[in-house]
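Here is the structure we will look at.
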Amino acid sequence: MPMFKVTCKWNGKPWEKDIEAEDEADCTEHMYLFGVLIGKADIQDLQITEIKEKNNVRTSTC
């Protein structure tokens with residue numbers, strides 16, 4: 001499942017978290033469900049960016 005970097009102002013304070021979600025719309029729904037509806041947070045300046053996987057190839061010498 002893709003990972004997304006989420007940044008916003010949470011009750012006026014900078015907030016950042018990596019969230020696993022099906023897609024950007026699902027990530028947005030998670031933020032509003034848990035932040036606004038459950039947490040009663042004021043979320044502003046919401047930005048969501050998909051985190052692309054980096055292939056770290058390790059090489060070894062024998």
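Summary of computed values
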item: Residue ID - nearest to residue 1 (Cα to Cα), chosen from residues in the stretch 12-62 that are at pLDDT 95 or above and of a type in the set (Gly, Ala, Ser); result: 21
item: Any chance residue 7 is surrounded by 14 or more Cβ atoms within 10 Å (Cβ to Cβ), of a type in the set (Ser, Thr, Tyr), in contact with a strand residue (DSSP E or B) (Cβ under 6 Å, 6 or more places away or on another chain) and modelled with pLDDT of 90 or more; result: yes
item: Selected residue (criterion: farthest from residue 52 (Cα to Cα)) from residues of the stretch 10-32 that are small (Gly, Ala, Ser) and in contact with a strand residue (DSSP E or B) (Cβ under 9 Å, 6 or more places away or on another chain); result: 12
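The values are calculated or read from the model by the stated rules, or taken from the named source; none is laboratory data. The shown structure was predicted, so the numbers you read here are calculated from the model rather than taken from an experiment. Cβ sites come from the backbone with ideal geometry, for glycine too, and all protein chains shown count toward neighbours.
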